[in-house]
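Visitor: Sharing a structure with you now.
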Amino acid sequence: MQILPRCFFKLLEFLVVILMVAMVAMVFGNVFLRYAFNSGITISDEMSRYCFIWLTYIGAMIAMREGGHLGVDTLVKHLTRSGKKVCLFLSESLMLYCNGLFMLGTWKMHDLQVTNVSPVAGLSMIWVFGIGYVVSLVMGMMNIRVLYRLLSGRITEAELIQVVEAEGLADVEKSLQTAKA
């Protein structure tokens, strides 16, 4: 059962690489053409912008899965287990609510985005902003999974704090703890 999500996120990581390479190629190619030949590819400006939008949202999904989003655990790590559970419940519930709002907003703008066409590529804008459906659904499912594990008592102590420490920060904290002792 875990193989499907793992493959899905590997595909997302691959898409991030493809989008980044495409952005670099289009922007660098356009700069070179403008500098060397005083011309350019008009569509590359628009398509690189769209790649950036998708790259941002796909990266947000990957970061959420890996716990890579910014967070502050200063208070939470000093709470009791039940306090950590309450904070995690509130955090995941609020994120689920925001994902619901994101889905609703994308749904309400759907008809407008389908008929709105990009000026250069002639692409329906739903292909650009429709990523909202995917992001809100995937992130919402991640929120529901954490809430289910929390409410069913299957969550571990380490999972109660959803912040991943920066590299080296744990070493600094250990050094400070050793110095105090």
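Rule-based calculations on the coordinates, nothing more; no lab input. Predicted, not measured: the structure shown is a model, and the values here were computed from it. Every residue, glycine as well, gets a Cβ built from its backbone with ideal geometry; the counts of neighbours run over all protein chains shown.
Visitor: Which of rounded, prolate, oblate describes the stretch 1-58, given a ≥ b ≥ c as roots of the alpha-carbon gyration tensor eigenvalues and a/c under 1.5 marking rounded, otherwise prolate only if a/b is larger than b/c?
Guide: Cα axes put the stretch 1-58 in the prolate bin.
Visitor: Tell me, what is the FRET efficiency for residue 34 and residue 112 to the nearest 0.05, using R0 = 30 angstrom and their Cβ-Cβ distance as r? Write down the numbers at each step before the final one.
Guide: Values: r = 34 Å, r/R0 = 1.12.
It comes out at approximately 0.35.
Visitor: Where in the chain are the DSSP H helices whose alpha-carbon span along the long axis reaches 27 Å or more and whose Kyte-Doolittle mean is at least 1.0?
Guide: Working: long enough: 3-37 (49 Å, 1.83); 42-66 (37 Å, 0.40); 81-115 (51 Å, 0.31); 131-151 (30 Å, 1.43).
Passing helices, by number: 3-37, 131-151.
Visitor: Can you give the helix-only mean residue ellipticity at 222 nm for the chain, where every DSSP H stretch with n ≥ 4 adds -39500 (n - 2.57) and the sum goes over all residues, rounded to the nearest 500 deg cm²/dmol?
Guide: -25500 deg cm²/dmol
Visitor: Loop only per DSSP, at most 12 neighbouring Cβ atoms within 10 Å: give me the trypsin sites (Lys or Arg not before Pro) in the stretch 88-160, ordered by residue number.
Guide: Values: sites: 108, 145, 149, 154; in loops: 154.
Answer by residue number: 154.
Visitor: Something else now. Of (1) 1.09; (2) 0.99; (3) 0.95, which one was derived for Rg/Rh (Cα atoms, Kirkwood Rh) from the structure shown?
Guide: Recomputing Rg/Rh (Cα atoms, Kirkwood Rh) here picks out (1).
Visitor: While we're looking at this one, here's another question. Using label points projected 7 Å from each Cα along Cα→Cβ, tell me how many nm separate residue 125 and residue 6, to one decimal.
Guide: Between residue 125 and residue 6, the simple spin-label model gives 4.1 nm.
Visitor: If you stretched the chain out fully between residue 152 and residue 14, how much longer would it get, using 0.36 nm times the residue separation minus the C-alpha to C-alpha distance?
Guide: On the way: separation 138, 0.36 × 138 = 49.68 nm, distance 3.39 nm.
Stretched out fully, the residue 152 to residue 14 stretch lengthens by 46.3 nm.
Visitor: Follow-up. Hey, what did the stretch 1-126 get for relative contact order, percent, Cα under 8 Å, at least 6 apart?
Guide: Numbers: 64 pairs, mean separation 25.8, N = 126.
Once normalised by length, the contact order is 20 percent.
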